[in-house]
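Engineer: The structure is given below, and queries will be raised subsequently.
Only the coordinates and a few stated rules stand behind these numbers; no lab work does. Keep in mind that this is a model prediction, so the values were computed, not measured. Every residue, glycine among them, receives a Cβ derived from its backbone with ideal geometry; neighbour counts consider all protein chains shown.
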Number of protein chains: 2
Amino acid sequence: MSPPPAARSATLARRPQRADGRRNYDNILAAARTAFDEGGTSASLEDIARAAGVAIGTLYGHFPTREALIEATMRDGLDQLRASADALAETENPAAALTLWFRQAVAHCSTFRGLVGLLATSSYDEGTPLHHACVAMHESCGQLLRRAQGSGHVRADLSPDDLFTMITSAAWTRENATADHDPSDRLIDLLLDAIIRTGRETSAG
Amino acid sequence: MSPPPAARSATLARRPQRADGRRNYDNILAAARTAFDEGGTSASLEDIARAAGVAIGTLYGHFPTREALIEATMRDGLDQLRASADALAETENPAAALTLWFRQAVAHCSTFRGLVGLLATSSYDEGTPLHHACVAMHESCGQLLRRAQGSGHVRADLSPDDLFTMITSAAWTRENATADHDPSDRLIDLLLDAIIRTGRETSAG
DNA sequence: ACCTGAACACCGTTCAAGT
DNA sequence: ACCTGAACACCGTTCAAGT
């Protein structure tokens, strides 16, 4: 009765087989990155198609929804973020690993204006293109958090979800920052201060 | 050479003198509150005009920009928030006053989806309709913060701007919450934990 | 398998004409 | 002073026709 697994990811963009399709796909993605970078995730799709040199129907053929296009532009970056968590989980100082990854995660989530809002709503909404990315981020949060808590440097009552909320709220603050005034770094310091207890057991508890 | 004070607030909506205009103004405001409540601050202005029983031109006549309309729907609420800060500044427990007002401020800033984003960008952008509200909030932050810091219950390196950033980030988190999952209360607790030091000097330091 | 662009729907905003 | 609604511009989205 339930839909096959493929149906869940039916809205996800896939790089086409044919050479001309792949070229268009890549051009649209490149144009989208530029447009989202300048105008946020609500940038005009017609402008993106025009900049990519394709008809608007071609854009929709590859990316059925705006969110699918956004997801595709972020896929590599979010894969990198997960890889970074895996690598940091092997380093010697769990608290330092957590704080470093926290800052990386905030940077990734504030890549485009509007992105973090999508991440926040995708987190508990299965079937959205960005849901998978949110699950991956939760897993990375848990991975680094458990180790940091095990070493006694991070308050034990903190959940991966708490960490995710802190990251997205800081990313939203950065998203709204201007060159003149960016309170996000200070907010990150305050948030990390709230959860990290330095100078406890030095290492292997 | 600089424009007269009136020019600054030229974009602010004013309740008209004539009876028919005042009736339309009030109807538009009521319709806007309903629409923003349901669809966020990007709700259709044509729908609002229709619900208010006026032509679209009438809406623009009273509220030259979307932001002016949003500001008008929030004016009373934000005045109340300032009055609440003034009242709480007279109570005996400065730390309790600060935490209580913090929660009230978060609630006000998350009245409509999209509002807090406007507040964040209006904060350092003079001439926007909501700038005055942001200045008022900063003043309330400073008022309650100074007293709480004076009593030794709040870390001394915290600025009114830090507090404002914390409030908006929590409000954004609430804005994106669903009935199933609202991490904003927990985030508020973590943020307040980060700045409040309970059990120090009990009262008059 | 993929591309095209006309067609439709919808909305923001302005403004000349009205009372 | 205030109201009206047609007019224009712009964009999202679909789909029949093409290669």
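Engineer: Can you check what the net charge comes to around residue A:35, using other residues whose Cβ is under 11 Å from the Cβ of residue A:35 (Lys, Arg +1; Asp, Glu -1)? Before the final figure, lay out the partial values.
Structural biologist: Numbers: positive: A:33, A:50; negative: A:37, A:38, A:46, A:47.
Local charge sum for residue A:35: -2.
Engineer: Using a Förster distance of 41 angstrom, determine the FRET efficiency expected from the C-beta separation of residue B:83 and residue B:182, and round it to 0.05. Each step should come with its number before you reach the end.
Structural biologist: Details: r = 27 Å, r/R0 = 0.66.
The computed FRET efficiency comes out at 0.90.
Engineer: With all distinct Cα pairs included, what does the Kirkwood hydrodynamic radius of the stretch B:1-109 come out to in Å, to one decimal, could you say?
Structural biologist: Result for the stretch B:1-109 stands at 15.8 Å.
Engineer: How would you classify the stretch B:87-205 from its alpha-carbon gyration tensor, with a ≥ b ≥ c the square roots of the eigenvalues: rounded for a/c under 1.5, else prolate if a/b is greater than b/c, otherwise oblate?
Structural biologist: Note, shape of the stretch B:87-205 comes out oblate.
Engineer: Moving on. Starting at the first residue of the stretch B:144-151, write each ³J(HN,Hα) from the Karplus equation 6.51 cos²θ - 1.76 cosθ + 1.60 with θ = phi - 60°, in whole Hz, x for Gly and Pro.
Structural biologist: Each residue's phi maps through the Karplus curve to give 6, 5, 4, 5, 5, 5, x, 7 Hz.
Engineer: Let me ask you something else. With no solvent and one equal point scatterer per Cα, compute the Debye intensity ratio I(q)/I(0) for the stretch A:113-163 at 0.25, 0.28 Å⁻¹ and report its log10, rounded to two decimals.
Structural biologist: -0.87, -0.97
Engineer: Could I ask something else about it? Could I have the simple spin-label model distance between residue A:107 and residue A:189, label points 7 Å from Cα toward Cβ, reported in nm to one decimal?
Structural biologist: Roughly 1.8 nm, to one decimal.
Engineer: Expressed as a rounded percentage, what relative contact order does chain A have, with Cα pairs under 8 Å and six or more residues apart?
Structural biologist: This gives 20 percent for chain A.
Engineer: Using only the Cα atoms of the stretch A:7-66, each taken as one equal point scatterer with no solvent, compute I(q) by the Debye sum, divide by I(0), and report log10 of the ratio at q = 0.16, 0.19, 0.28 Å⁻¹.
Structural biologist: The Cα Debye sum returns log10 ratios of -0.47, -0.65, -1.21.
Engineer: Next question. Assuming R0 = 41 Å, what is the FRET efficiency of residue A:159 and residue B:126, from their Cβ-Cβ distance, to the nearest 0.05?
Structural biologist: 0.50
Engineer: Take the alpha carbon gyration tensor of the protein assembly as shown, find the square roots of its eigenvalues, order them as a ≥ b ≥ c, and report rounded if a/c is under 1.5; if not, report prolate when a/b exceeds b/c, else oblate.
Structural biologist: Here the protein assembly as shown falls in the oblate category.
Engineer: Identify the GluC sites (Glu not before Pro) of the stretch B:133-203 meeting these criteria: DSSP loop state and at most 13 other C-beta atoms within 10 Å of the C-beta.
Structural biologist: Answer in residue order: B:201.
Engineer: Distances in nm, one decimal, shortest first, from residue B:61 to the same residue in every other copy, taking the label point 7 angstrom along Cα→Cβ.
Structural biologist: 5.0
Engineer: Still on this structure: How far is the Cα center of the stretch A:23-60 from the Cα center of the stretch A:108-126, in Å?
Structural biologist: 19 Å
Engineer: Expressed in whole Å with the largest first, what are the equivalent ellipsoid semi-axes of chain A derived from the C-alpha gyration tensor as the square root of 5 times each eigenvalue?
Structural biologist: 35, 20, 14
Engineer: Would you mind calculating the relative contact order of the stretch B:84-189 from Cα pairs under 8 angstrom and at least 6 residues apart, reporting the percent as a whole number?
Structural biologist: 31 percent
Engineer: Let me ask something else. With only alpha-carbon pairs counted, each pair once and no self-pairs, how large is the Kirkwood hydrodynamic radius of the stretch B:81-122 in angstroms? All intermediate terms of the calculation are to be shown ahead of the outcome.
Structural biologist: Values: mean 1/r = 0.0896 Å⁻¹.
Kirkwood radius, the stretch B:81-122: 11.2 Å.
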